[in-house]
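The values are calculated or read from the model by the stated rules, or taken from the named source; none is laboratory data. None of these values were measured; they are calculated from a predicted model. Here the Cβ positions follow ideal geometry from the backbone for every residue, glycine too, while neighbour counts run over all protein chains shown.
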Amino acid sequence: MRRRRWAELKPPYINLGPMVDISLSLLVMFVLAIPFLIESGLFVSKAAVAKGKAAQKVQAKKQDIKVNLYLRSDGTIFLNKEPVTVEQLKELLPQLLARSISRNVLLSADNEVIYDDVIKMIDLVKSLGAEDVLILKRKES
């Protein structure tokens, strides 16, 4: 019987294809199952309930005041359909937002108004206390 030399021996070939397929399919299954594993729900404590009732009483006293701003192409600013100057706007807007629950401002402008003026108005309104500025496109009339 002949002894084989070390150089003549070939290493055994292992097919890794099926193992990679199974590993990747398990990975995909785990990624898809993660949203179902995370516990979702609404957790309520007694302190949060008491705080929520107090907040509802305060909100019941406040009325949701709508704040509408309209910029015309000639430079006129309308606050709730009344023409105002920038100085009047700086006085009136914080008062209106203080009475509003959502503190949103609805801003619309003519098509001819320069974007820079609209951006400046958004910055001004945000600095005066608005939470969100909603931009509305007006219908052509």
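Details
- Top-ranked residue of the stretch 81-122 - restricted to ones that are of a type in the set (Ser, Thr, Tyr) and exposed (fewer than 13 other Cβ atoms within 10 Å of the Cβ), ranked as nearest to residue 135 (Cα to Cα): 115
- Leading residue by the ranking (modelled with the lowest pLDDT) among those in the stretch 60-76 that are over 28 Å from the mean Cα position of the chain (by Cα) and surrounded by 11 or more Cβ atoms within 10 Å (Cβ to Cβ): 73
- Scan the stretch 120-141 for residues that are modelled with pLDDT of 85 or more, within 16 Å of residue 73 (Cβ to Cβ) and out of contact with any strand residue (DSSP E or B) (no Cβ under 8 Å at 6 or more places or on another chain) and the total you get is 1.
- Checking residue 95 against (1) touching a strand residue (DSSP E or B) at 6+ places or on another chain (Cβ under 9 Å); (2) modelled with pLDDT of 85 or more, the condition it does not meet: (1)
- Residue ranges of strands (runs of 3 or more DSSP E) in the stretch 69-141 with at least 1 members among the small types (Gly, Ala, Ser): 104-109
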